[in-house]
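For reference, the structure is listed below as structure tokens.
The values are calculated or read from the model by the stated rules, or taken from the named source; none is laboratory data. Computed from a predicted structure; not experimentally measured. Because the Cβ atoms are built from the backbone with ideal geometry, glycine has one as well, and the counts that use them run over all protein chains shown. SASA here: full protein model, heavy atoms, side chains in, ligands and nucleic acids out. Shrake-Rupley method; radii C 1.70, N 1.55, O 1.52, S 1.80 Å.
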Amino acid sequence: MPIATRSSGFTESVIREMSRVAYQYGAINLAQGFPDFPMPAPMKDAACAAIHGDVNQYAVTWGSPALRLAVAEKYRRWYELSVDPDREVTVTCGATEAMAATFLALVDPGDEVIIFEPFYENYGPDAILADARPVFVPLETPGWRIDPDRLRAAFTPRTKAIIVNTPHNPTGRVFTREEIGLIAGLCVEHDVWAITDEIYEHIRYAGGHHPIACWPGMRERTVTISGLSKTFSCTGWRLGYAVAPERETGAIRKVHDFLTVGAPAPLQAAGAVGLAFDADYFNHLALDYRARRDLLCAALAEAGFDFTVPEGAYYVLANYSELSDLNDVEFARWLASEIGVATVPGSSFYHDRSQHRPLVRFAFCKKLETLERATDRLAPLKARV
Ligand SMILES: Cc1ncc(COP(=O)(O)O)c(C=O)c1O
């Protein structure tokens, strides 16, 4: 019996495959974006206390009151955005589920959804699950900038939504106030949803974070998505959230209910503790990541890679054309097996994977010791090619 066409087109996540390749060759895993250092102790304590305190049954489907309140308070505190925790917040199993539930709740078959390219690899399958038509707009090199004319040309009467991911995976761009303003203007003009992915909002080295929901006319046409995975180094906890106007939140909550019923109850209790951390925590998070970024970027430049220094998130998308003529999948395998550093082939972040793009992505969400071992391995690279 054939499997559904919907899923038969899905390829296995290349990122997870590269983690397996890393294991096979004993390579240092700079492929998948998960930290190899511990999450904050007060959150771990709060999770244990919740489990021992018997918070082990279903939470309210759309999120425990304490976590929804903490999410609403977060938006007031950081962005002066007022959010109703009872009517406008849905707690989900990660930003990943928030994005899929939002697509299914808001997008009809045949609707067009604009996605900047390169893009985080889940957005393509999200569009397929919703039967939407992804319309890709390239970020222009050098610098991975938005070309206003190309973006404008991508809006059509069928456009339903645009995905706004800043800080951006895989390029490390933090979109400027002007760029967000341009997108907001087009959304208002064409009556289009902005569906955001702000999972790296607290990991920035240059520029402010500008949630598009704060722009005039955008609060009512934005689904703001974020989560705890990256801010609190707990990618395995699977906690995210979507903030949207009441009517759309109602739709997102229904989809979320049928997909997962709810996010893990004891971890939600601990999530509320993390969101209330003082500014010191968030400042240190960014400063620690800056040190990791600087270490890796210096080594990559020395080894002969060409790249735009990331302004946010924790990835470097590096061009290796000075080092090799191999295609990106072959080069990533070679780097893992011969040099001992695992990366993700750049084609994973493009819809047309057949085009030659000499790019690999390095993740630097690792202990300094891990990055130092990786940089030692990369040092002789120039001599090896
Ligand atoms: C841009 C982006 N969005 C979402 C996610 C996943 O978020 P979550 O763990 O909350 O599902 C990632 C993880 O790498 C990511 O890079």
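Centre-to-centre, using Cα atoms only, segment 62-108 and segment 307-364 are separated by 34 Å. Counted over segment 249-295 with a bin width of 10 Å, the fraction of Cα pairs per bin, in whole percents, is 21, 26, 26, 23, 3. Every helix of 4 or more DSSP H residues in the chain counts as -39500 (n - 2.57), and over all residues that averages to -12500 deg cm²/dmol at 222 nm.
Residue-wise HN-Hα couplings along segment 200-216, as the Karplus relation 6.51 cos²θ - 1.76 cosθ + 1.60 with θ = phi - 60° gives them from phi, are 9, 4, 9, 10, 9, 10, 8, x, x, 9, 10, x, 5, 4, 7, 6, x Hz; Gly and Pro carry x.
First check a/c for segment 6-141, with a ≥ b ≥ c the square roots of the eigenvalues of its C-alpha gyration tensor; if it is under 1.5, answer rounded, and if not, answer prolate when a/b is larger than b/c or oblate otherwise.
oblate
Are there GluC sites (Glu not before Pro) in segment 299-385 that DSSP marks as loop and that have at most 12 other Cβ atoms within 10 Å, and which are they?
Sparse-neighbourhood loop GluC sites (Glu not before Pro): E322.
A DSSP coil position with no more than 13 other Cβ atoms inside 10 Å describes the following GluC sites (Glu not before Pro) in segment 1-85: E12, E80. Of the Cα atoms belonging to segment 1-74, the radius of gyration and Dmax stand at 19.5, 51 Å.
Near Q24, once Lys and Arg are set to +1 and Asp and Glu to -1 for all other residues with Cβ below 15 Å from its Cβ, the sum equals +1. Accessible surface for the chain, divided over its residues, is 42 Å² per residue with a 1.4 Å probe.
Taking a Cβ cut-off of under 15 Å around E246, the surrounding Lys, Arg, Asp and Glu residues balance to a net charge of +2, with basic ones at +1 and acidic ones at -1. Among the helices of the chain, those built from whole DSSP H runs whose Cα atoms reach 24 Å or more along their own axis and whose mean Kyte-Doolittle hydropathy is at least -1.0 are 279-303.
The accessible-area ordering, largest first, of the residues S82, S8 stands as S82, S8, per a 1.4 angstrom probe. In whole angstrom, the chain maps to an equivalent ellipsoid with semi-axes of 32, 26, 20, each derived as √(5λ) from the alpha carbon gyration tensor and ordered largest first. For L139, the residues 5 or more places off, or on other chains, whose built amide H falls under 5 Å of its own are E117. Within the listed set V21, V174, V344, the residue fluctuating most in the Gaussian network model of the chain (springs between alpha-carbon atoms under 10 angstrom) is V21.
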